[in-house]
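Asker: There's a structure below that I have some questions on.
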Amino acid sequence: MASSSSSYVQQEWNMNKPAKKEPIFTKVSKLKPGTKGHTLIAKVLSSQTIDHPNARSRNLLRTPALADCLIGDETGTIIFTAHDEQVELMKPGTTVIIRNAKIDMSKGSMRLTDDLWGEIEITDPATFAVKEDNNLSLIEHENDVATIKLNWQLAQSWNPTHHKN
């Protein structure tokens, strides 16, 4: 009896769940600070493992692995931070599809990384030539999202009556 009830609930859930959306592919040059939900096709140009003292593995049973990978498409390049199993996928020369990526800011520069639902898939080699002279991670952003939010909070709390001469 419990199994039929359970299967009924499963059928109801399957009927009511939203249909998967087709991904909208983004070009590297369109990435902006503080954005998320990006899907893109990129070539891996380089990959360098990094030691980070505060790194935590997404898998509690293993030592964390991190790599900064320079990836790009025909519009530009950006550094992608790969975690754990992703490090093995992000080998130079590989073409990948990155789903559910977001832009994190590190010392004023953009870094692409995946979010909780992110995926990386190796795909057929891309035919495009990577535009290597447009590295978005080399552009310094003074007004990243955190700074903008902080400035807005300061502006909201500022009381001009306290600042009279």
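Asker: Using 0.36 nm per residue, how much length does the chain from residue 140 to residue 106 gain when fully extended, once their Cα-Cα distance is taken away? Could you put the intermediate results ahead of the total?
Answerer: Values: separation 34, 0.36 × 34 = 12.24 nm, distance 0.97 nm.
Once the chain is fully extended between residue 140 and residue 106, it gains 11.3 nm.
Asker: Something else: How many nm separate the modelled label positions at residue 32 and residue 124, each set 7 Å beyond the Cα in the direction of the Cβ?
Answerer: About 3.3 nm separates the two model spin labels.
Asker: Compute the length gained on full extension between residue 85 and residue 117: take 0.36 nm times their separation in residues and subtract their Cα-Cα distance, giving the result in nm to one decimal.
Answerer: 10.1 nm
Asker: Relative to the present Cα-Cα distance, how much length would full extension add between residue 133 and residue 39 at 0.36 nm per residue of separation?
Answerer: Value of the extension gain: 31.7 nm.
Laboratory data are not the source of any read-out in this text; all were calculated from the coordinates shown. Please read all numbers here as calculations on a predicted model, not as lab measurements. Positions of Cβ are backbone-derived with ideal geometry, glycine not excepted, and every protein chain shown enters the neighbour counts.
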